[in-house]
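Working notes, beginning with the structure itself.
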Amino acid sequence: MYRDLAVFSGSANPDLAREICDYLDTPLRGMDIIDFPNENIFIKLHRSVRGQDVYVIQSACSPVNRNVMELLIIIDTLRRASAEQITAVMPLYPYARSDKKDQPRVPITARLIADLITVAGANRYMTIDLHAGQIQGFFTIPGDELTAFHILSEYFLKRNIPNAVVVSPDLGFAKKARNFAEKLHIPLAVIEKRRKSPMRPEALNVIGDVRGKNAILVDDEVLTAGTVVEAVDVLKSRGVDRSFISFTHAILTDPATERLRSLPLEEIVTTNTVAIPPEKRLPNMIILSVAPLLGEVIRRTHLGISVGEMFNE
């Protein structure tokens, strides 16, 4: 559809961008990212992008605000350099938890981010496993919300854990957990919980049979691992034999790593939507790459081929 395909990377997750370029068999385009003494960010492309189909890989890793601003400036640079189409590829969408006005006098920052990306000059967006699906409606430009569900579930299919049960950490994630359970052809259990405060979840009960089973706890992200601690504790008290956890986004803010290290988890299975530094990589952690998924969607978008066909949709 366009003359050339060009892929750029911000500083949030360059390793993932290189993997995507390897899949596409195209070089990662170069640019200078300069921080001035006054903390202003300056971007300069190494070569022309006029008339090209451009993809910018930038995830909401820490430092989130810096990486968001960097993404916006890169998009503006590409627009002013006459790129034909600009796609913001955000494996982890920033401020996804701020998706509604659930108390007086608060912002809906997920909508603000969508507006900023659009005004900066993006024509499309891509992301993986939004915390809330309604964020798609915040955009006025087309996009693709992808999922790591197939990558994670395929891993556990091959793992073939005996006497297993999929466990949702709360009622809100039960639908996605049910799909996971159906893919693995195993039963589903749900943890019922009530939050004492936004940062202090309290597990109350387990709906479903987990006694003597091997539990696969599934979620979209792990932030501080407080929910994981509560879930593993309540599952252990209900007689679970072995525990596994599967989630897409390994945000892992302190004290998540130490909490996960202390838990009796057989495996921690996640993806590289977020760059995981060496000090946060635990011996029982399995990191699956989303590069083939993003690479194939980029290829199909560039060529004007259906993305839904990848998932028989």
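The values are calculated or read from the model by the stated rules, or taken from the named source; none is laboratory data. A quick note: this is a predicted structure, and the numbers were derived from the prediction, not measured. Cβ atoms come from the backbone with ideal geometry, glycine included; neighbour counts cover every protein chain shown. Each accessible area value is taken on the protein alone, full model and side chains, heavy atoms only, with ligands, DNA and RNA left out. Shrake-Rupley method; radii C 1.70, N 1.55, O 1.52, S 1.80 Å.
Inter-part distance, the stretch 147-181 to the stretch 69-143, computed on C-alpha centroids, equals 28 Å.
Could you please state how large a percent of the accessible area of the stretch 186-313 is carbon and sulfur, counting protein chains only and using a 1.4 Å probe? Mind showing how you got there, number by number?
Values: 2860 of 5710 Å².
Taking all protein chains in place, the stretch 186-313 shows 50 percent carbon and sulfur surface.
In summary, the lysines within cross-link reach of K176, defined as a Cα separation below 27 angstrom excluding same-chain residues under 8 places away, comprise K100, K101, K158, K193, K196, K213, K236, K280.
What percent does the relative contact order of the stretch 12-112 come to when contacts are Cα pairs within less than 8 Å and at least six residues apart? The partial results should precede the final answer.
Working: 134 pairs, mean separation 24.0, N = 101.
Answer for the stretch 12-112 is 24 percent.
Per residue, the stretch 258-313 exposes an accessible area of 48 Å² to a 1.4 Å probe, with every protein chain left in place. Divided by 2.2 N^0.38 Å, where N counts the residues, the Cα radius of gyration of the stretch 156-313 comes to 1.10.
Percent antiparallel among DSSP beta bridges with both residues in the chain, to the nearest 5?
Details: 12 of 53 bridges.
In the chain, DSSP labels about 25 percent of beta bridges as antiparallel.
Label sites at E192 and E39, each approximated as a point 7 angstrom past Cα along Cα to Cβ, lie 4.7 nm apart.
Model label points for K100 and R178, set 7 angstrom from Cα along the Cα-to-Cβ axis, are 1.8 nm apart.
Using 0.36 nm per residue, how much length does the chain from L204 to T253 gain when fully extended, once their Cα-Cα distance is taken away?
On the way: separation 49, 0.36 × 49 = 17.64 nm, distance 2.47 nm.
Length gained, L204 through T253: 15.2 nm.
Can you tell me the mean projection area, over all orientations, of the convex hull of the stretch 62-124's alpha carbons? Units nm², please.
On the way: hull surface 18.5 nm².
Average projection, Cα convex hull of the stretch 62-124: 4.6 nm².
Note on D32 and D233: the model spin-label points, each 7 Å out from Cα along the C-beta direction, lie 5.3 nm apart. Rounded to the nearest 5, what % of the DSSP beta bridges within the stretch 192-296 are antiparallel ones? If I count the DSSP bridges inside the stretch 192-296, around 25 percent turn out antiparallel.
Protein heavy-atom accessible surface, 1.4 Å probe, per residue over the stretch 63-110: 48 Å².
Want the number for E279 to R50: 0.36 nm per residue separation, take away the alpha-carbon distance, what's left?
Gain in length upon complete extension: 78.3 nm.
Residues in the stretch 284-313 near a label at D25, defined as backbone nitrogen under 15 Å from the 7 Å Cα→Cβ point? Inside the label zone: 296, 299-300.
Please tell me the relative contact order of the chain in percent, rounded to the nearest whole number, where contacts are Cα pairs under 8 Å and at least six residues apart. If you can, show how the numbers build up before the last one.
Details: 619 pairs, mean separation 45.1, N = 313.
Taking the mean separation of contacting Cα pairs over the length of the chain, I get 14 percent.
Roughly how big is the chain's charge dipole about its Cα centre, with Cβ charges of +1 (Lys, Arg) and -1 (Asp, Glu), in debye to the nearest 20?
Working: 37 positive and 38 negative charges, 109 e Å.
That gives a dipole near 520 debye.
Classify the stretch 257-313 as rounded, prolate or oblate, taking a ≥ b ≥ c as the square roots of the eigenvalues of its Cα gyration tensor: rounded when a/c is under 1.5, otherwise prolate if a/b is larger than b/c and oblate if not.
Working: a/c = 5.09, a/b = 2.68, b/c = 1.90.
It comes out prolate by the Cα gyration axes.
Each Lys and Arg adds +1 at its Cβ and each Asp and Glu adds -1 at its Cβ; summed about the Cα centre, the stretch 211-313 shows a dipole of about 260 debye. Based on the reciprocal of the average 1/r between different C-alpha atoms, the Kirkwood radius for the chain equals 20.6 Å.
Summing Cβ point charges (Lys, Arg +1; Asp, Glu -1) relative to the Cα centre of the stretch 126-261 gives a dipole of roughly 500 debye.
Grouping the Cα pair distances of the stretch 17-72 into 5 Å bins from zero gives a pair-distance distribution of 4, 14, 22, 26, 20, 11, 3, 1 percent in increasing distance order. Here the calculated FRET efficiency for S62 and T140, from their Cβ-Cβ distance with R0 = 22 Å, stands at 0.15, rounded to the nearest 0.05. Here the calculated FRET efficiency for L303 and T109, from their Cβ-Cβ distance with R0 = 35 Å, stands at 0.55, rounded to the nearest 0.05. Only Cα pairs under 8 Å and 6+ residues apart enter the sum, and on that basis the relative contact order of the stretch 216-308 stands at 25 percent.
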